[in-house]
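These notes concern the structure reproduced below.
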Amino acid sequence: QVQLVESGGGLVQAGGSLKLSCAASGRTFGDYGMGWFRQPLGKEREFVAAISWNSIATYYADSVKGRFTISRDNAKRTVYLQMNSLKPEDTAVYYCAANPERASRAKNEYTYWGQGTQVTVSS
């Protein structure tokens, strides 16, 4: 069982930066692939970034590649999403998720989800 709690969301101007954190409980955090997803108001939840258990593999949606960076600290049981050069279209609720099998772009492969944190980018 893994419980996830996101933090770090907020209101930022276009071009600004935010760093999201996702703190995990559970003894096997280091074994899980971790992902970040987002859901704009009225739209489907979409993949943002994912990282393997050992940080060797990272994956990004094309829309955020070069602007966002996913990382993790297994000792702190925390995964991060550094978001730079934010755009109004990045506005969404951001969720972190844990996948017992691997890092993946597919949201249906993730077993555990956090409650989400709102990111709003003003123009």
25 Å Cα-Cα reach of K87 towards lysines, excluding residues that sit fewer than 8 places from it in its own chain: K19, K43, K65, K107
Within the chain, what percent of beta bridges assigned by DSSP are antiparallel, to the nearest 5? 90
I'd like the distance between the alpha-carbon centres of region 20-52 and region 87-113, rounded to an integer number of Å. 4
How much net charge surrounds A92 when only other residues with a Cβ under 15 Å from its Cβ are counted (Lys, Arg +1; Asp, Glu -1)? +1
Can you tally the net charge around G16? Count Lys and Arg as +1, Asp and Glu as -1, for every other residue whose Cβ sits under 12 Å from the Cβ of G16. +2
Added length on full extension, which subtracts the Cα-Cα distance from 0.36 nm per residue, S7 to S123: 39.5 nm
With all protein chains present and a 1.4 Å probe, the order of R105, R77, R45, R27 from largest accessible area down is R27, R105, R77, R45
Please return the longest stretch of the chain lacking exposed loop sites, where GluC sites (Glu not before Pro) count only if DSSP places them in a loop and at most 14 other Cβ atoms lie within 10 Å. 45-100
With all protein chains present, the chain has a carbon and sulfur share of its accessible area (1.4 Å probe) in percent of 47
Hey, can you rank 11-18, 91-98 by average C-beta count inside 10 Å, highest first? 91-98, 11-18
Per residue accessible area in Å² of the chain, where ligands, DNA and RNA are left out and the probe is 1.4 Å: 51
Neighbours of A57 by Cβ distance under 14 Å: Lys/Arg at +1, Asp/Glu at -1, summed charge +2
Highest average packing first - 65-71, 30-36, Cβ atoms within 10 Å: 30-36, 65-71
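The values are calculated or read from the model by the stated rules, or taken from the named source; none is laboratory data. Values in this document were obtained by computation on a predicted structure and should not be read as measured data. Ideal geometry is used to build each Cβ from the backbone, glycine not excepted, and the neighbour counts take in all protein chains shown. Note: accessible area is taken over every heavy atom of the protein model, side chains too, but ligands, DNA and RNA are not part of it. Shrake-Rupley method; radii C 1.70, N 1.55, O 1.52, S 1.80 Å.
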